[in-house]
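Notes follow once the structure below has been shown.
The values are calculated or read from the model by the stated rules, or taken from the named source; none is laboratory data. Keep in mind it's a predicted model, so treat the numbers as computed, not measured. No Cβ is skipped: glycine too gets one built from the backbone with ideal geometry, and neighbour counts run over all protein chains shown. Just so you know, the surface numbers come from the protein's heavy atoms only, side chains and all, with ligands and any DNA or RNA stripped out. Shrake-Rupley method; radii C 1.70, N 1.55, O 1.52, S 1.80 Å.
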Amino acid sequence: MVRLTKKQRARLRGTQVAYVPQSAAAAFNPAITILDQVIEVTSIHKLMPADPARARAIELFRALSLPNPETIGSRYPHQVSGGQLQRLAAAMALISDPKLVIFDEPTTALDVTTQIEVLRAFKAVMRKSHIGGVYVSHDLAVVAQIADRIVVLKGGEVQEVGTTDDILHNAQHPYTRQLLAAFTPKPRAIAQPSDDPHKPLLEIENLIAGYGDRLPDGLPMVQVVKSVSLTVEKGRNLGIIGESGSGKSTLARSIAGILPSASGHIIFNGRELGRSDRERTRDQLREIQIVFQSADTALNPAKSIEDILGRPLTFYHVLKGKACQDRINTLLDMVHLPRALRHRRPSELSGGQKQRVNFARALAADPKLILCDEITSALDTVVAAAIIDLLKELQRELGLSYIFISHDLSVVEAICDEIVVMYGGKKVEQITPDRLKEPQHPYSKLLFSSVPKLDPTWLDTLSQDPELLNTYCHR
Ligand code: ADP
Ligand code: MG
């Protein structure tokens with residue numbers, strides 16, 4: 001392959017070797033209907049006339065369990081769901097009857113409930129067609145469902161190769177073991193005051209928040225958070241879990257005051273907070289900090305790390321000169337970053353390092369509560385586990401509380417004392433991690449059972465109530 005000329009390679013591409021990208025949305029042209037794009041490769045490479053190509057595409061849509069296989073192709077990409085588009089991208093790859101398909105994290109952007117159906121469809125098609133596949137993922141449990149052999153890659157080098165069974169049960173390389181360990185729930189060693197009953201730090205009552213103009217009744221045009229009530233106790237952590245679009249970030253933004261809530265109460269340390277950040281005192285702002293998912297967009301690329309950390313120190317604590325410099329060093333120590341990094345810019349740091357800076361900036365304010373909104377979602381498993389360990393360590397030292405928002409149950413489980421499940425802007429369940437096996441609400445049941453397990457038979461033996469899937473899963 002490496003020695004082939006560009007022209008020879010182009011002949012292989014799309015016909016012998018096909019590719020399913022991570023983001024199908026980015027791979028489809030929004031202005032052309034789906035079927036025309038799926039069959040395009042057959043006309044470019046003159047593989048077959050248009051009519052049989054269309055028939056073959058519809059056959060593939062059916063094999064991939066897409067709804068209305070006859071007509072779905074006449075839609076535009078924005079008219080199908082994310083899970084459907086991902087399967088349509090697979091149809092595009094398979095139409096030319098390739099010998100090898102490369103799947104590049106094709107389910108990473110999907111909710112766990114949708115992921116199951118996409119994985120099942122891929123697995124069934126691959127089995128039936130005897131095509132070879134390379135399935136690239138950061139999620140070992142997902143790979144375990146679909147692969148016969150697994151290659152563990154780190155820093156551009158192969159660390160270990162083995163059958164799926166060997167990698168899962170007989171891993172030799174320390175990095176593979178680290179990956180596996182990230183799946184083993186660790187004992188949760190959060191010190192809890194044994195005497196006085198837990199005092200509430202944050203109480204939220206019937207919070208309503210959303211976007212767009214206010215209607216005559218004072219409620220926003222698009223109601224996203226629909227009357228949510230919850231409590232966070234001092235020194236304890238609350239997890240919020242739910243599918244994408246369920247209103248988790250909107251809730252976090254309204255707690256922080258970035259997005260003014262429309263109605264309801266936010267009580268912090270016994271005092272009612274103003275709806276928007278403008279109606280809150282500087283101390284109230286200081287005590288609740290928020291850390292966002294993407295450190296790339298949260299950190300100003302033009303500033304050095306020391307500028308980024310210095311800003312909240314000056315704003316909240318009026319620190320200047322040497323006092324400020326010393327505090328920056330302490331903050332870097334706290335998040336286990338070398339002090340020398342202070343002169344770099346965000347682009348000169350790794351993803352994990354950036355997220356540590358992001359976190360240090362929240363710590364600079366000296367908060368009591370940190371809202372962590374999907375802070376590990378962009379990181380790989382091992383780096384994410386290290387960030388969780390850091391959060392726990394800082395909690396023991398500083399007595400902080402976290403609201404930890406994620407779509408990933410295993411992460412929330414590792415750090416939270418209590419877990420709230422959100423669906424469609426409502427809190428449908430509040431549960432402790434030790435009771436995850438017995439959720440009360442049907443949606444939580446569906447959600448919890450959809451998290452991939454390391455067991456390679458998990459996907460094939462999983463049975464979920466079709467009625468639940470119909471009600472709660474947006475296919
Ligand atoms: P989550 O964090 O759970 O994925 P979000 O709170 O980000 O969900 O979004 C919930 C809903 O609110 C989604 O339907 C989203 O499209 C909508 N939404 C989010 N931000 C805005 C905005 N700025 N304007 C209008 N609608 C928005
Ligand atoms: Mg979000």
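Filtering segment 233-249 down to residues that are in contact with a His (Cβ under 8 Å, 6 or more places away or on another chain) and open to solvent by less than 10 Å² (accessible area, probe 1.4 Å), which residue is farthest from ligand 2 (Cβ to nearest atom)?
Top of the filtered list is Ile241.
Show me the helices (runs of 4 or more DSSP H) found entirely inside segment 297-375 where at least 3 residues are surrounded by 15 or more Cβ atoms within 10 Å (Cβ to Cβ) and β-branched (Val, Ile, Thr).
No helices (runs of 4 or more DSSP H) qualify here.
Only one of Val158, Val125 is at pLDDT below 95, among the aliphatic types (A, V, I, L, M) and closer than 30 Å to Pro98 by Cα. Can you tell me which? First the steps, then the outcome.
Working: Val158 fails: at pLDDT below 95.
On inspection, the qualifying residue turns out to be Val125.
I need the full set of residues from segment 405-421 which are assigned to a strand (DSSP E or B) and open to solvent by 10 Å² or more (accessible area, probe 1.4 Å), in order please. I'd like the intermediate steps shown before the answer.
Of segment 405-421, the ones assigned to a strand (DSSP E or B) are 405-406, 418-421.
Across segment 405-421, the qualifying residue is only Glu418.
Search segment 16-35 for residues being part of a helix (DSSP H, G or I) and touching a residue at least 12 places away in the same chain (Cβ under 8 Å), and hand back the single one that is nearest to Val136 (Cα to Cα).
First pass over segment 16-35, keeping only residues part of a helix (DSSP H, G or I): 24-27, 34-35.
Narrowing the set further to residues that are touching a residue at least 12 places away in the same chain (Cβ under 8 Å) leaves 24-25, 27, 34-35.
On the way: Ala24: 15, Ala25: 18, Ala27: 17, Ile34: 25, Leu35: 26 Å.
Step by step, filter segment 16-35, then rank; the result is Ala24.
Do we have Leu349 as without any contact (Cβ under 8 Å) to a residue 40 or more places away in the chain and either of a type in the set (A, V, I, L, M, F, W, C) or in the same structural domain as Asp366 (by TED's automatic domain parsing) (or both) here?
Answer is no for this residue.
Whether any residue in segment 202-216 is modelled with pLDDT under 95, surrounded by 14 or more Cβ atoms within 10 Å (Cβ to Cβ), of a type in the set (A, V, I, L, M, F, W, C) and assigned by TED's automatic domain parsing to the domain that holds Ile266 is what I want to check.
No, segment 202-216 has no match at all.
Which of the residues spanning segment 250-293 are open to solvent by 40 Å² or more (accessible area, probe 1.4 Å), touching a residue at least 40 places away in the same chain (Cβ under 8 Å) and within 16 Å of ligand 2 (Cβ to nearest atom)?
Matches in segment 250-293: Arg253, Phe292, Gln293.
Here is a yes/no grid of residues against (1) over 16 Å from the mean Cα position of the chain (by Cα); (2) aliphatic (A, V, I, L, M):
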residue	(1), (2)
Ala365	yes, yes
Asp373	no, no
Ala378	no, yes
Asp408	no, no
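Please verify whether Gly82 is surrounded by 15 or more Cβ atoms within 10 Å (Cβ to Cβ), out of contact with any Lys or Arg (no Cβ under 8 Å at 6 or more places or on another chain) and at positive phi, treating the condition exactly as stated.
Judged against the criteria, Gly82 is not a match.
Looking at Val2, Val112, Val20, which is the one that is at pLDDT below 95 and surrounded by fewer than 13 Cβ atoms within 10 Å (Cβ to Cβ)?
Only one candidate passes the filter, namely Val2.
Can you tell me how many residues within segment 368-412 are within 16 Å of ligand 1 (Cβ to nearest atom) and of a type outside the set (S, T, N, Q)?
14
Among the candidates Ser444, Ser377, which residue alone is within 16 Å of ligand 2 (Cβ to nearest atom) and within 21 Å of Thr114 (Cβ to Cβ)? Can you show your working first?
Values: Ser444 fails: within 16 Å of ligand 2 (Cβ to nearest atom).
Going through Ser444, Ser377 in turn, the sole match is Ser377.
What tally of residues in segment 61-76 results from selecting those that are in contact (Cβ under 8 Å) with a residue 12 or more places away in the chain, open to solvent by 10 Å² or more (accessible area, probe 1.4 Å) and part of a helix (DSSP H, G or I)?
2
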